[in-house]
Amino acid sequence: MATDASRTLDNTSLANHTDSIRQLQATGHDFHQRGWSLATSSNYSCVVSRDPLRLLITASGKDKGRLEKDDFVLVDADGQPVGTTPHRSSAETLLHVVIARRRPEVGAVLHTHSVWGTFLSARARPGGTVLLEGFEMLKGLEHVQSHDHREHVPVFDNSQDIPYLAGQVDRWLASDDADRAHGFLIRRHGLYTWGRTIAEARRHVEAFEFLFECHGRLQMMPPA
């Protein structure tokens, strides 16, 4: 039987989340301008309730540079829409849900499709990682205090089977390897990262995208 809290949330409209929507709209506009969320690529979410778990996520097929206030969907802990909506949520909703379920501190999940993230994920060996080390920008990631930090960004194959991929990500997040991780890549696809707030998740995107470009350009340079 539904609790009073869950009934209230089930009847909550997008109008009750205007601040989160504005922040995600601004994120989409900014990321589109920077070339990280072109066309209808990318998806963004934020946690609006923990008990029961509810996420506000971008609707499928929307231009992230021109998000309207109703281009969002409320979903539950299974990634299903809450209440009635004319939109489908992002095809990758389950990935957002898995991250939010595994990381109770997470308040936002952002996914970008940049050139450098796609390039590096395509070059990584199967089951491998992109290793980022020695860059000052690593300190843009939460709890990282030194450029000597080594950030291993795992690369998951883009199987197009989202439940299967979500299961892989879920198992990785439950492992020791993910204890201090800040994100992951999907091969030939892009970056997923998160933060306690939308602002923190945005900072992680900015740090990762800078690091990816530096790392990628160094890989293409001839040996000194």
Find me the longest stretch of the chain that has none of the exposed GluC sites (Glu not before Pro), where exposed means in a DSSP loop (not H, G, I, E or B) with at most 11 other Cβ atoms within 10 Å. 106-224
Give me the distance in nm between label points sitting 7 Å out from Cα along the Cα-to-Cβ direction at Arg22 and Arg88, one decimal. 3.2
For segment 55-147, calculate the relative contact order in percent as a whole number, restricting contacts to Cα pairs under 8 Å that are 6 or more residues apart. 17
Compactness of segment 128-197 - radius of gyration and Dmax, Cα, Å: 12.8, 37
Hey, rough spin-label estimate for Arg50 and Gln160, points 7 angstrom out along Cα→Cβ, what's it come to in nanometres? 3.9
Mind checking the full-extension length gain between Glu105 and Asp148? Use 0.36 nm per residue of separation minus the Cα-Cα distance, one decimal, nm. 12.9 nm
Would you work out the charge dipole size for the chain about its Cα centre, treating the Cβ of every Lys and Arg as +1 and the Cβ of every Asp and Glu as -1, and quote it to the nearest 20 debye? 340
At R0 = 35 Å the Cβ-Cβ FRET efficiency linking Arg171 and Arg34, nearest 0.05, sits at 0.65
Pairs of alpha-carbon atoms within less than 8 angstrom and 6+ residues apart define the contacts here; what relative contact order does segment 169-223 have, in percent? 16
Work out how far the C-alpha atoms of the chain reach from end to end along every principal axis, then list the three figures in whole Å, largest first. 64, 36, 33
Put +1 on the Cβ of each Lys and Arg and -1 on the Cβ of each Asp and Glu in the chain; which of Thr112, His204, Ala122 then has its Cα farthest toward the positive end of the dipole? Ala122
Residue ranges of DSSP H helices in the chain that stretch 24 Å or more (Cα, own long axis) and have mean Kyte-Doolittle hydropathy of at least -0.5 are 198-220
In this structure, the FRET efficiency calculated for Arg188 and Met137 from their beta-carbon separation, with R0 = 30 Å, to the nearest 0.05, is 0.80
Residue-span extension gain [Asp179 to Ala15] - 0.36 nm each, minus C-alpha spacing: 55.5 nm
For Leu38, list long-range residues whose amide hydrogen, built 1.01 Å from N in the peptide plane, is under 5 Å from its own amide hydrogen. His113
Of Ala91, Leu74, Leu56, which is farthest towards the positive pole of the chain's charge dipole, taken about the Cα centre with +1 and -1 on the beta-carbons of Lys, Arg and Asp, Glu respectively? Ala91
If you stretched the chain out fully between Thr129 and Ala77, how much longer would it get, using 0.36 nm times the residue separation minus the C-alpha to C-alpha distance? 15.9 nm
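Bear in mind that the values in this text are calculations on the coordinates, not laboratory data. Small disclaimer: the values here were computed from a predicted structure and weren't measured. Cβ sites come from the backbone with ideal geometry, for glycine too, and all protein chains shown count toward neighbours.
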